[in-house]
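This report refers to the structure that appears directly beneath it.
All of the numbers you see were taken from the coordinates with simple rules; none came from a lab. What you see is a predicted model, and the numbers here were worked out from it, not measured in a lab. We place every Cβ from the backbone using ideal geometry, glycine too, and count neighbours over all the protein chains shown.
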Amino acid sequence: MTVRFSEEDPAITDNEALNVEDRHMTNAESNGSVKGAVVCVVEEDPILLHRMARALPRPFNTHEFPVLDQVGAARFPGESVLVLVLGASQTDDVVLDKVGSLLRARPGTGAVLVLAQPSAEVLRAALRSGIDDAIETYDLERQLPQAVTELVQRLENDLAAAAAEAARRAAPVGGKKGWVTTVFSPKGGVGKSVVSVNLATALAKRTGKPTVIFDLDLQFGDVAVMLRLNPVHTVVDAISAGSLLDKSLLQSFLVRHEKSNVWALAAPTAPSEAEQVDPAGMLRLLGLLQEMFENVIIDSPPHLSDVVLQAVAESNSVVFVVALDVPSVKNARLGLQAFDLLQFPTEKVMLVINRADSKVHLSLGDIERALEKKVDLALPSEAVVPRSVNQGVPALLEYPRSRFSAQIQQLADMVLARTAAAAEPTPLTVR
């Protein structure tokens with residue numbers, strides 16, 4: 001438990017408190033992680049209750065309760081982070097026992113204690129009950145937003161780790177989970193979604209089984225547009241289903257492209273809905289998709305958010321798309337360095353150069369030297385590609401004899417070769 005007490009006890013006037021509140025509201029708004037969390041402030045003294053709640057303005061989703069039992073009666077989403085902010089009246093043994101039971105029973109729940117005169121006895125009891133942090137009343141306007149924000153971040157990371165473990169164990173014993181390929185580029189406009197759609201089509205064609213695209217570009221996803229699909233549901237609907245979500249329900253949220261035998265989990269229709277998708281929810285969806293399909297393609301956005309980082313970490317392979325221009329190469333180098341920091345195995349990364357035959361005084365050799373990595377595949381620049389996008393049909397289907405389609409087929413073969421190699425049992429070494 002973190003204890004944020006200082007020896008000084010400066011008096012804080014109402015005006016000073018409001019100024020501190022304004023400053024921390026700006027800091028909190030800069031951190032999107034608090035937006036999806038629920039904060040319950042519990043205190044019998046109405047003046048202190050209001051003061052604690054006022055210290056947590058938007059984007060904190062704050063609720064006020066005079067007693068802890070009312071928190072238990074309230075209905076909050078079971079998958080969201082829940083933070084209890086407990087006032088000085090909530091320190092008797094009965095209340096702390098209830099707090100401890102709630103923290104143990106509900107994953108993603110934490111607690112912060114606000115005390116006027118902390119004592120060693122109360123702090124020991126709070127520690128036993130599992131309370132995460134403690135601050136003094138006089139300094140709550142400054143310390144409480146920081147304490148809650150840090151706690152929310154930690155709880156979200158814990159939920160994401162638990163979801164990842166659950167996803168790994170989701171498949172039946174002896175069952176084979178689908179192969180996840182994330183198509184990524186740290187720069188927009190390089191043709192990443194075109195590669196995703198055509199790779200999914202090629203895998204479906206090669207295997208004779210449906211492939212699914214998980215459109216993880218949550219603000220500006222293009223998969224549905226490129227396939228001329230009109231999805232009724234999006235990833236937000238799947239996330240909102242919470243604990244009710246299973247394979248059957250998730251199937252109803254997918255939309256199928258008949259010609260290619262590719263299914264899609266569409267991105268949200270409004271950019272503002274992107275914040276509703278957190279790493280834990282994404283991993284739950286990904287685990288179910290792996291049970292439903294042999295091949296899962298993730299079409300990612302051109303940035304490394306917490307959701308994207310978790311998706312990359314769970315991927316069996318990454319198609320890293322780079323365009324033949326200096327800004328794209330520069331961003332690619334930074335992206336590969338980020339993968340190194342994440343300790344993502346470099347052998348899982350397939351470097352793909354799009355529009356590789358463009359005459360721009362930059363060669364594949366130049367890119368390999370700049371990125372210190374061999375190019376695995378080069379996709380040509382052909383007019384059939386933007387034409388197929390405007391037609392809403394993958395180039396592989398509409399122009400199967402094009403050079404682009406031939407290279408996409410080769411990329412699919414590379415993915416399938418990795419899938420087959422991973423499925424082979426490791427030979428035993430006899431000594």
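Which residues does a label at Val360 reach in segment 308-324, if reach means a backbone N under 18 Å from a point 7 Å past the Cα toward the Cβ?
320-324
Between segment 188-207 and segment 285-313, how many Å separate their Cα centres?
15 Å
Looking at segment 294-401, which trypsin sites (Lys or Arg not before Pro) are in a loop (DSSP not H, G, I, E or B) and have at most 14 other Cβ atoms within 10 Å? Kindly include the intermediate steps, with their values, before the conclusion.
Values: sites: Lys330, Arg333, Lys348, Arg355, Lys359, Arg369, Lys373, Lys374, Arg387, Arg401; in loops: Arg355, Lys359, Lys373, Lys374, Arg401.
Within segment 294-401, the qualifying trypsin sites (Lys or Arg not before Pro) (loop, at most 14 other Cβ atoms within 10 Å) are Lys359, Lys374, Arg401.
Below 9 angstrom from the Cβ of Thr182, what's the summed charge of the other residues (Lys, Arg +1; Asp, Glu -1)? Before the final figure, lay out the partial values.
On the way: positive: none; negative: Asp299, Glu314.
Local net charge: -2.
Roughly how big is segment 173-220's charge dipole about its Cα centre, with Cβ charges of +1 (Lys, Arg) and -1 (Asp, Glu), in debye to the nearest 20? Could you put the intermediate results ahead of the total?
Values: 7 positive and 2 negative charges, 55 e Å.
So the dipole magnitude of segment 173-220 works out to roughly 260 debye.
Which of the GluC sites (Glu not before Pro) across segment 329-379 are loop residues per DSSP, with 13 or fewer other Cβ within 10 Å? Working shown, then result.
Numbers: sites: Glu347, Glu368, Glu372; in loops: Glu372.
Those satisfying the criteria are Glu372.
Can you tell me how much longer the chain between Arg104 and Ser89 gets when fully stretched, taken as 0.36 nm per residue apart minus their C-alpha distance, in nm with one decimal? Walk me through the numbers before you get to the answer.
Numbers: separation 15, 0.36 × 15 = 5.40 nm, distance 2.17 nm.
Stretched fully, the Arg104-Ser89 segment lengthens by 3.2 nm.
So, by mean Cβ neighbours within 10 angstrom, what's the order for 263-271, 212-220 with the highest one leading?
Numbers: 263-271: 20.6, 212-220: 23.3.
The packing order, highest mean first, is 212-220, 263-271.
Per 0.36 nm of contour for each residue apart, how much would the distance between Ala338 and Thr269 grow if the chain were fully extended, relative to their Cα-Cα spacing? Kindly include the intermediate steps, with their values, before the conclusion.
Details: separation 69, 0.36 × 69 = 24.84 nm, distance 2.93 nm.
Value of the extension gain: 21.9 nm.
Would you mind computing, in nm to one decimal, how far apart the modelled labels at Lys176 and Ile47 are, each placed 7 Å from Cα along Cα→Cβ?
Each label point is offset 7 Å from its Cα along the Cβ direction, giving 7.0 nm.
Determine, from the Cβ-Cβ distance of Tyr138 and Phe220 and an R0 of 56 Å, the FRET efficiency 1/(1 + (r/R0)^6), rounded to the nearest 0.05. Intermediate values should be presented prior to the final figure.
Working: r = 46 Å, r/R0 = 0.83.
In this case the efficiency is close to 0.75.
Can you run phi through the Karplus equation (6.51, -1.76, 1.60; θ = phi - 60°) for segment 100-111 and list ³J(HN,Hα) in whole Hz, with x for Gly and Pro?
Listing the rounded values in order: x, 5, 5, 5, 6, 7, 10, x, x, 10, x, 9 Hz.
Order these by the 10 Å Cβ neighbour count, fewest first: Glu150, Glu156.
Numbers: Glu150 17, Glu156 21.
Placing the least packed residue first, the sequence is Glu150, Glu156.
I want to check the label-to-label distance for Arg128 and Ser305. Put each point 7 Å from Cα in the C-beta direction and report it in nm to one decimal.
The modelled label-to-label distance comes out at 4.4 nm.
How much FRET efficiency would the formula 1/(1 + (r/R0)^6) give for Val375 and His63, where r is the Cβ-Cβ distance and R0 is 45 Å, rounded to 0.05?
Working: r = 54 Å, r/R0 = 1.20.
The pair Val375/His63 has a calculated efficiency of 0.25.
What FRET efficiency comes out for Thr207 versus Ser252 if R0 is 30 angstrom and r is the Cβ-Cβ distance? Round to the nearest 0.05. Don't jump to the answer; show the numbers that get you there.
Values: r = 24 Å, r/R0 = 0.78.
Rounded to the nearest 0.05, the efficiency is 0.80.
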